Amino acid sequence: MGVGKPRKLATSFAVFVTLLFSLMAGAVAHAQVTGATLSGTVTDPTGGVVTNATVSAVNTATAINREVMTDSAGLYTIPNLVPGVYEIRVTATGFSTDVQSGLSIAVGQQLQLNFGLKVGQTTTNVEVTGAAPQIDLTSSAVSGQVESETVRELPLNGRDWTSLAVLQPA
C-alpha cells in the first residue's frame, strides 16, 4: 500500500510540471535590444528595382563598415547596427554612387531608408548632406535621446530624478 502513494505523487508532480511549462511557453519573452536595423529599397530612375547593389553603412566615430547586397526585389537589411552617426553609401554597376551622411541611429530604431540611383558612371558621386531627420515609419514608439552634457548641466535641487523627465516632450 505504501508503494502506490509515492508513485501517484510522482505522477501528479510530473503532470503539474508539464502543465506549468506548457503555460509558460505561451508567455512572450522580450529581450533587450542593443542595436538598430536599417532597411529599404534601391530603385532606378524609372522606379524599377536595382538588384545586387552594394549598401554599406560606416559608423563615422568608429569607422566600422557593414556591407550588404540588395536581393532580387531590390531590398536590403542591415541588422544590429551600433547606435551612432553613419554614412550610408549605395553603389551599383551602371549607376552613380549615392551617399547619405550624418544619419543618426539610436538603440532599437528600425529605420527605413530608400535610395533612388541615377544612371551614370560609377565615378560620379551624389552626396546628400544636411537631410531632414528620418521618420521611423515602422514603429509607433516614442523615444528621445538626452545628451550627457544636458544631464550634467541640469540643476537638480535635491537630486529629484523626476526633473529629468521634462527633458523629452510627450
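Key figures
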{"item": "Residue 93 among the hydroxyl-bearing types (Ser, Thr, Tyr), open to solvent by less than 30 Å² (accessible area, probe 1.4 Å) and modelled with pLDDT of 65 or more", "result": "no"}
{"item": "Scope the stretch 97-117; condition at pLDDT 90 or above and either among the acidic types (Asp, Glu) or assigned to a loop (DSSP other than H, G, I, E, B) (or both); matching residues", "result": "98, 113, 114, 117"}
{"item": "Positions within the stretch 79-88 being of a type in the set (Val, Ile, Thr) and either more than 14 Å from residue 98 (Cβ to Cβ) or not in a strand (DSSP E or B) (or both), in sequence order", "result": "82, 85"}
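The values are calculated or read from the model by the stated rules, or taken from the named source; none is laboratory data. Worth saying up front: this structure is predicted, and the values here are computed from it rather than measured. Methodologically, a virtual Cβ is constructed for each residue, glycine included, from the backbone with ideal geometry; neighbour enumeration extends over all protein chains shown. Accessible surface areas use protein heavy atoms only, side chains included; no ligands, DNA or RNA. Shrake-Rupley method; radii C 1.70, N 1.55, O 1.52, S 1.80 Å.
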